[in-house]
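The values are calculated or read from the model by the stated rules, or taken from the named source; none is laboratory data. Note that the structure is predicted; figures quoted are calculated from it, not measured. Here the Cβ positions follow ideal geometry from the backbone for every residue, glycine too, while neighbour counts run over all protein chains shown.
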Amino acid sequence: MAKDVGFTTMGDVLGDGAAPEIGIGMIGYAFMGKAHSNGYKTIPSMMYPPPAIPVLKSMAGRNEEAVAAAAKRFGWERHTTDWRDLIADDDIQVLDNGGPNNMHLEPTLAALAAGKHVICEKPLGRNPGESKQMWDAAEAAGLKHMAAFNYRFVPAIIQARKLVKDGVIGEVFHFRARYAQEWIIDPNFPLIWRLDKDVSGSGVLGDLGSHTLDLARFIVGEISAVNGRMKTFIKERPTAEDPSKTGPVTVDDAYMALLEFENGAIGSVEATRFGNGRKNGNRFEINGSLGSISYNMEQFNELEVYIADTEPAEANGFRKVLVTEAFHPYWENWWPHGHIIGWEHTFVHELHHFLDCIVNDKDVAPMGATFEDGYKCDTILAAIAESDANGGARVEISY
């Protein structure tokens, strides 16, 4: 069982004062490739002194022109169109797997077999069986492993977790969450890999729902049972290769679920890619016996906190807490209080944490999500899908 030692703001530098270099190999060059590259490049100067200096050795992607351009733009030493080159490269000690979901299992297992630590994007597997293989392999190899749930590294979310764990809001009764985006509401949006179950494993359930369910476990505790429903609104879309042709959408566009927690709390969660007007509307509220906490990621640095009976009734209510004080998580690495940070900083914190755990042999959990957390999240996702297939029937979570 990992000890909860809280967040880390600075790595432990080696006794001679020099941080070691760690070679990074990355699969993927698009959305997550950009975010992770920026995170690695920012660590040495801002997370100072760094536990290690990440060296961007090689980036892999299937499209030669695109991966070459990305590698040049983001400062990688070289690039390849074959991920196996990263596994064979002795200059690489860490595999950062940000490829499509069907690329998570094989490269991750190969990297672990070659003695490389692995951080892999979420959802960890297309199903619990894949994620269990990755977890088992990482544990057998004795290597560090991390599922890239970057929202665990939002300072305001860390602060919310601390308020819950410290009992500030008392016994937790409710966790309510909604994650809404709008980016595929246009019926002419093409049939990309995220809409193909063979590649992605699921739709919005795994893409956005995995974030919400990981935060539910991270902040409130283990989930014991679910009831779920899923919906696909647009069942045919133009193919990416030939817009004059269409193909079937084989994943969900939206889901809703009820949760039961082991500690007696209940929850409701939902996510959609059809939330017209919502860009990245990730919100949750936690209600307890002594107070409540509310968070909206579109107000990234703010928490709303209500603590009962702390003020006269006429003046008591939710208060906005700006999580930018010097004593808040990670803030000493950034700016004077009140000078806000943003979404991209979560990757700096996340990757810094992983490097610190590698160099100083620290536990990735509980602040970071391990492959065990990735497997448990995938198991809950599968239970929601099973519930939907059975008309929303209650499904107990079993690992």
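The listed residues are PHE284, PHE233, PHE218, and the only one of them that is hydrophobic (A, V, I, L, M, F, W, C) and part of a loop (DSSP other than H, G, I, E, B) turns out to be PHE233. Total residues in the range 241-281 satisfying the condition of being within 25 Å of HIS211 (Cβ to Cβ), part of a loop (DSSP other than H, G, I, E, B) and not basic (Lys, Arg): the figure is 14. Looking across the range 3-37 at every residue that is crowded, with 20+ Cβ neighbours inside 10 Å and at pLDDT below 50, the one that is nearest to PRO54 (Cα to Cα) is identified as GLY11.
Under the condition of being more than 20 Å from VAL359 (Cα to Cα), surrounded by fewer than 22 Cβ atoms within 10 Å (Cβ to Cβ) and touching a residue at least 40 places away in the same chain (Cβ under 8 Å), the residues counted in the range 88-106 number 3.
Residue-wise test of (1) among the polar types (S, T, N, Q); (2) in contact with a Lys or Arg (Cβ under 9 Å, 6 or more places away or on another chain).
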position	(1), (2)
ASP214	no, yes
THR232	yes, no
THR250	yes, yes
TYR255	no, yes
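In contact (Cβ under 8 Å) with a residue 60 or more places away in the chain, part of a loop (DSSP other than H, G, I, E, B) and buried (at least 22 other Cβ atoms within 10 Å of the Cβ), is that true of SER210?
On the way: in contact (Cβ under 8 Å) with a residue 60 or more places away in the chain: yes; part of a loop (DSSP other than H, G, I, E, B): no; buried (at least 22 other Cβ atoms within 10 Å of the Cβ): yes.
No; evaluated as a whole, the condition is false for this residue.
Going through (1) more than 23 Å from the chain's Cα centre (by Cα); (2) within 24 Å of ASN127 (Cβ to Cβ); (3) not in a loop (DSSP other than H, G, I, E, B) one by one, PRO238 falls short only on (2).
Pairs meeting the criteria (first residue in the range 111-134 and closer than 22 Å to ASN360 by Cα, second residue crowded, with 24+ Cβ neighbours inside 10 Å and of a type in the set (Asp, Glu), beta carbons under 7 Å, at least 6 apart or on different chains) are ILE119/ASP96.
If you filter the range 158-168 down to residues that are out of contact with any helix residue (DSSP H, G or I) (no Cβ under 6 Å at 6 or more places or on another chain) and among the β-branched types (Val, Ile, Thr), you find that the one that is farthest from GLY291 (Cα to Cα) is ILE158.
Counting the residues of the range 38-86 that are in contact with a Pro (Cβ under 9 Å, 6 or more places away or on another chain) and either assigned by TED's automatic domain parsing to the domain that holds TRP193 or crowded, with 20+ Cβ neighbours inside 10 Å (or both) gives 10.
Conditions (1) in contact (Cβ under 8 Å) with a residue 12 or more places away in the chain; (2) surrounded by 13 or more Cβ atoms within 10 Å (Cβ to Cβ); (3) aromatic (Phe, Trp, Tyr); (4) under 29 Å from GLY203 (Cα atoms), marked per residue:
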| residue | (1), (2), (3), (4) |
| --- | --- |
| GLY291 | yes, yes, no, no |
| TYR306 | yes, yes, yes, no |
| GLU314 | no, no, no, no |
| HIS328 | yes, yes, no, no |
| ASN333 | yes, yes, no, no |
| ILE340 | yes, yes, no, no |
| PHE347 | yes, yes, yes, yes |
| PHE371 | yes, yes, yes, yes |
| ALA383 | yes, yes, no, yes |
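Only residues that are outside any loop (DSSP other than H, G, I, E, B) and over 28 Å from SER131 (Cβ atoms) were counted in the range 43-65, giving 7.
Residue-wise test of (1) under 30 Å from ILE22 (Cα atoms); (2) touching a Ser or Thr at 6+ places or on another chain (Cβ under 9 Å); (3) modelled with pLDDT of 95 or more; (4) in a loop (DSSP other than H, G, I, E, B).
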{"site": "PHE354", "(1), (2), (3), (4)": "yes, no, yes, no"}
{"site": "ASP363", "(1), (2), (3), (4)": "yes, yes, yes, yes"}
{"site": "PRO366", "(1), (2), (3), (4)": "yes, no, yes, yes"}
{"site": "ASP373", "(1), (2), (3), (4)": "yes, no, yes, no"}
{"site": "LYS376", "(1), (2), (3), (4)": "yes, yes, yes, no"}
{"site": "THR379", "(1), (2), (3), (4)": "no, yes, yes, no"}
{"site": "ALA383", "(1), (2), (3), (4)": "no, yes, yes, no"}
{"site": "ASP388", "(1), (2), (3), (4)": "no, no, yes, no"}
{"site": "GLY392", "(1), (2), (3), (4)": "no, no, yes, yes"}
